[in-house]
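Please read the structure below before turning to the comments.
The values are calculated or read from the model by the stated rules, or taken from the named source; none is laboratory data. The shown structure was predicted, so the numbers you read here are calculated from the model rather than taken from an experiment. Methodologically, a virtual Cβ is constructed for each residue, glycine included, from the backbone with ideal geometry; neighbour enumeration extends over all protein chains shown. For accessibility, only protein heavy atoms count, side chains too; no ligands or nucleic acids. Shrake-Rupley method; radii C 1.70, N 1.55, O 1.52, S 1.80 Å.
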Amino acid sequence: MQRRIVLIAVFAAVLAMLASTSFVRGQTAATAAPQTPTGAVATTSTSEHFDPAAATNAYLAKVPPDKRAKSDAYFEGGYWLILWDFLAFSIVFLLLLVTGLSARMRDLAERITRFKPIQTFLYWVQFLVLTWLLTFPLTVYEGFIREHKYGLATQTFGPWMGDQLKGLGLFVVFGGLLLMALYGIVRRLPRTWWIWGALTSLVFLTFLFLIAPVFIAPLFNKYTRLEDPAIRDPILSMARANGISAKDVFVQDASRQTTRVSAFVTGFLNTERIVLNDNLLKRCSVAEIEAVMGHEMGHYVMHHAYKGLMFFGIVIVLGFAFLRKSSEWALGRWGDKWRAHAAVDLAALPLFALLISSYFFVLTPILNTYSRMEEYEADIFGLNAARQPDAEAEVDLKLADYRKLDPGPIEEFFFYDHPSGRTRIYAAMRWKAEHLHELGNREQGTGNREIGNRGKW
Ligand SMILES: [Zn+2]
């Protein structure tokens, strides 16, 4: 019976992969260089012989070689960080098991209280704090030193550390709640815990996803209403045209942490919210902001959040099935040595952490591909909604500060959770090639007879 459920889940996963497209995170991030006038390259825009490939190359050539080398180095370094992170955490988890420290942490939790859920929480706090401390040097390098080295970070160490501690606190609370629920399930349903555990995790993630914009994001940034009608009104107009019932546009003070440009559309039912970050506002033209917002609205209109949750649901169910099989095998083999004898034993938690991080490490290219496909969809939607192909290309170039512009196809498949700059600019130029007549008319100010518009299409 369980085997059948796994087979059905695998089949559903394959179908979902074939049928659908990219991932929850609706963030178009770009680090901005000083603003460049839109359309500088596109001198051939009204020509009959507009070549999208040549126009793409012309845009790419605008980035000076030294800047290109820097962003390539930053992004390629990120490939290695995926590996170093995985290895560092794996070593910590193994150390906790092999040294018997995990068993001692369980014993301590059991001495303090007889109440099982509190034991789970006490073990979790010890486990999390120890793991956090042991991997802290890597976190500092990755999140602070390296970001400053490439000019992407704006925080001094104090505020950065403050954000890290807030993150740790949230992880203690929410991770603790989830684990208390999961261990309750493992204790009561020793044979089928994996399927109920997967469902519980998914419900929990959905809940987090719902409350994050309202209760978690404001802990790290301030959100204010955008008052400038010159920027706000075209965005709200585009939102209305695409069936998004937002009344306000919000600005996030992301420059507190980073120089990256980003924007997103979030919310359910009546809580829809369009959010721009202040870097985007400061460093992009109105046309560029419209191009970005068209993309973000694409995520919204195409229900990427819901599709992403469904995709992730399949990943989680398969992950729990894998956890069950592999943990039984490992505990049968080494459980006595580790003094951790079954899934229900808290001392086995580092094993579960090791197995789940291995699972996600192996899945990296699949998760990236799912995300990249959805981002590409949002790009196409954004081109049709904002009708700003040159502004789109300019924004794509601004990504070049931290994302390699022109990777090989295998590299893009494995490591890119958004399409590369070349892919995105080419899509914009291909769109432009098929709309030259309209764009030409717009440039001459004759092509737009709709009433009351603001130069938008
Ligand atoms: Zn996106």
What nm value, rounded to one decimal, do you get for the distance between Trp329 and Leu436 when each label is placed 7 Å out toward the C-beta? 5.9
Residue-wise HN-Hα coupling along the stretch 105-121, computed from phi with Karplus coefficients 6.51, -1.76, 1.60 (Hz; x: Gly, Pro): 5, 5, 4, 4, 4, 6, 6, 6, 8, 9, 7, 4, x, 6, 4, 4, 5
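At 1.4 Å probe size, put Val140, Val362 in order of accessible surface, largest to smallest.
Details: Val140 25, Val362 105 Å².
Order by accessible area, largest first: Val362, Val140.
Antiparallel DSSP bridges in the stretch 246-332: what percent, to the nearest 5? Each step should come with its number before you reach the end.
Working: 4 of 8 bridges.
Around 50 percent of the beta bridges assigned by DSSP in the stretch 246-332 are antiparallel ones.
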What is the magnitude of the charge dipole of the stretch 346-448 about its Cα centre, with +1 placed on the Cβ of each Lys and Arg, -1 on the Cβ of each Asp and Glu, and no other charges, expressed in debye to the nearest 20? 100
With θ set to phi - 60°, apply the Karplus curve 6.51 cos²θ - 1.76 cosθ + 1.60 along the stretch 327-342 and write out the HN-Hα couplings as whole Hz, x wherever there is a Gly or Pro. 6, 4, 5, 5, 5, x, 7, 10, x, 4, 4, 8, 6, 9, 9, 7
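Let a ≥ b ≥ c be the square roots of the eigenvalues of the Cα gyration tensor of the stretch 78-189; is it rounded (a/c under 1.5), or, if not, prolate (a/b larger than b/c) or oblate? Don't skip to the end; give the middle numbers.
Values: a/c = 2.50, a/b = 1.89, b/c = 1.32.
The shape class here is prolate.
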For Ile235, Ile91, Ile380, give the ranking by accessible area with the largest first, probe 1.4 Å. Ile91, Ile380, Ile235
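Could you sort Asp396, Asp66, Asp253 by their accessible area in this structure, using a 1.4 Å probe and putting the largest first? Walk me through the numbers before you get to the answer.
Working: Asp396 0, Asp66 115, Asp253 40 Å².
Ranked from most to least accessible, the order is Asp66, Asp253, Asp396.
Count the net charge of all other residues whose Cβ sits under 14 Å from the Cβ of Pro409, scoring Lys and Arg as +1 and Asp and Glu as -1.
On the way: positive: Arg372, Lys404, Arg422; negative: Asp406, Glu411, Glu412.
Net charge in that neighbourhood comes out at 0.
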Backbone N under 16 Å from the Arg104 label point (7 Å along Cα→Cβ), restricted to the stretch 120-142: 123, 126-131, 134
Using a 1.4 Å probe on heavy atoms of the protein chains only, the accessible area for Trp84 in Å², nearest 10, reads 120
For the stretch 137-280, just run the numbers: alpha carbon Rg, then divide by 2.2 N^0.38 Å, N being how many residues it has. 1.34
Val203 - accessible surface, heavy atoms, 1.4 Å probe, Å² rounded to 10: 100
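Given Cβ point charges of +1 (Lys, Arg) and -1 (Asp, Glu) and nothing else, what value in debye, to the nearest 20, does the dipole of the stretch 135-263 about its Cα centre take? Spell out each step's value before the answer.
Working: 13 positive and 8 negative charges, 92 e Å.
In total the dipole reaches around 440 debye.
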With every protein chain in place, what's the accessible area of Thr224 (1.4 Å probe, Å², nearest 10)? 70
At 1.4 Å probe size, with the rest of the protein present, what percent of the exposed accessible area of the stretch 230-331 is carbon and sulfur atoms? 62
